Structures are given as C-alpha cells and as structure tokens.
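The values are calculated or read from the model by the stated rules, or taken from the named source; none is laboratory data. What you see is a predicted model, and the numbers here were worked out from it, not measured in a lab. Note: ideal-geometry Cβ built from the backbone for every residue, glycine included; neighbour counts use all protein chains shown. These accessible areas exclude ligands, DNA and RNA; they are computed on the full protein's heavy atoms, side chains included. Shrake-Rupley method; radii C 1.70, N 1.55, O 1.52, S 1.80 Å.
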Amino acid sequence: KNPANSLYKNYTLILLGVFFLPAQLIYFEKERLLQNETSRYIAQALCNILPCTVPVYKDLSKIELISRKVHSHPVEKKALIITATVINNATQAQPFPKILISMEDIQGNTRVQRLFDPKEYLPDGISADQNMAPNIPLNINVAIKDPGQNIITFKIDFL
C-alpha cells in the first residue's frame with residue numbers, strides 16, 4: 001500500500017469532518033442560534049447572497065410584564081378589566097405574543113384561563129401584523145367575565 005494514499009484519505013476525512021460537524025450543529029440548533037444577535041446577523045448576510053430566509057425573531061423571555069391590575073368593568077356587570085404594561089427588552093422587534101390570563105383561588109388552583117390573540121388586546125392604531133418594537137412600553141386592556149369572589153390572584157403569561 002502507498003502511505004501517501006492513506007495519508008490523503010485521512011486528510012480527506014478530517015476535512016469532511018471539519019465541514020460536516022459544524023453544518024450538523026447549525027442544522028439541528030438553527031432555532032436557538034438564530035436567537036443570538038451575531039448568528040442572526042451572519043444568517044441574514046448569507047441569505048442576502050443565497051436563496052434563503054431567516055425566520056422571524058421571537059424570544060418570549062425578553063418580553064417583560066411591568067405592571068398589572070384588575071378592576072371592575074365600568075359598564076358591564078359581572079365583568080372585569082385587566083390592564084397591564086409590557087415591554088420588549090430584546091434589541092430587535094418581535095411578533096406580539098399571545099397572552100394567557102389565569103385566575104387562581106385561595107388554594108392556588110387555576111379556576112379560569114383565557115388566551116388572547118394580539119388582535120384582541122392591542123390598542124387602536126396598532127395592528128397585530130406589526131412587530132413589538134424594542135424598549136417601548138405597551139399598555140393593554142382586556143375585559144373578562146368576573147369569575148366570582150373565590151378568585152384571589154391572577155397571572156399573565158406570554159405564549
């Protein structure tokens with residue numbers, strides 16, 4: 001056997017590994033990688049050259065609930081108004097999230113839940129097709145049926 005031939009095969013395998021291992025990492029971890037600003041910038045630059053698109057940025061952990069309160073509806077009987085202020089702490093815009101409001105009794109059991117699409121909670125003048133701009137507080141108001149006096153707390157989650 002020719003030792004140069006064997007050495008050539010080894011180098012070929014090493015070069016293939018150097019190419020395919022990062023390619024596999026990128027393929028299987030692309031969603032997580034695209035949440036990183038640097039990776040996202042590189043992907044957008046590549047997609048300007050290659051026929052590809054970068055998915056919309058979405059990081060719910062960057063959406064913060066600043067304040068929230070509940071009070072009786074001023075017009076409707078047996079209804080409540082929940083007001084909240086939220087902010088997108090990400091460095092870039094992202095889609096408005098769905099909002100899940102859960103109400104719990106004194107034992108901590110969830111008694112009432114309601115999921116709101118952006119079009120249901122966004123104030124007039126803001127379309128659900130727009131993105132949530134970074135670092136701009138957004139005030140939201142939603143009306144819900146009053147679940148009764150057994151409810152002592154509520155929480156808001158972003159989905």
Which is farther than 30 Å from residue 140 by Cβ and touching a Pro at 6+ places or on another chain (Cβ under 9 Å), of 30, 9, 98, 58?
30
Only one residue in 129, 117 is over 19 Å from residue 139 (Cβ atoms) and of a type outside the set (A, V, I, L, M, F, W, C). Which one?
129
State the number of residues belonging to segment 120-143 that are part of a helix (DSSP H, G or I) and either in contact with a Lys or Arg (Cβ under 6 Å, 6 or more places away or on another chain) or over 26 Å from residue 91 (Cβ atoms) (or both).
1
For segment 67-117, the count of residues that are of a type in the set (Lys, Arg) and assigned to a loop (DSSP other than H, G, I, E, B) equals 3
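Here is a yes/no grid of residues against (1) open to solvent by 50 Å² or more (accessible area, probe 1.4 Å); (2) free of Cβ contacts under 8 Å to residues at least 24 places away in the same chain; (3) under 23 Å from the mean Cα position of the chain (by Cα); (4) under 25 Å from residue 62 (Cα atoms):
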{"site": "113", "(1), (2), (3), (4)": "yes, yes, yes, yes"}
{"site": "121", "(1), (2), (3), (4)": "no, yes, yes, yes"}
{"site": "125", "(1), (2), (3), (4)": "yes, yes, yes, yes"}
{"site": "131", "(1), (2), (3), (4)": "yes, no, yes, yes"}
{"site": "146", "(1), (2), (3), (4)": "yes, no, no, no"}
Residue count, segment 68-82 (criterion: among the small types (Gly, Ala, Ser) and open to solvent by 50 Å² or more (accessible area, probe 1.4 Å)):
1
Considering residues that are under 25 Å from the mean Cα position of the chain (by Cα) and assigned to a helix (DSSP H, G or I), the number found within segment 25-61 is 22
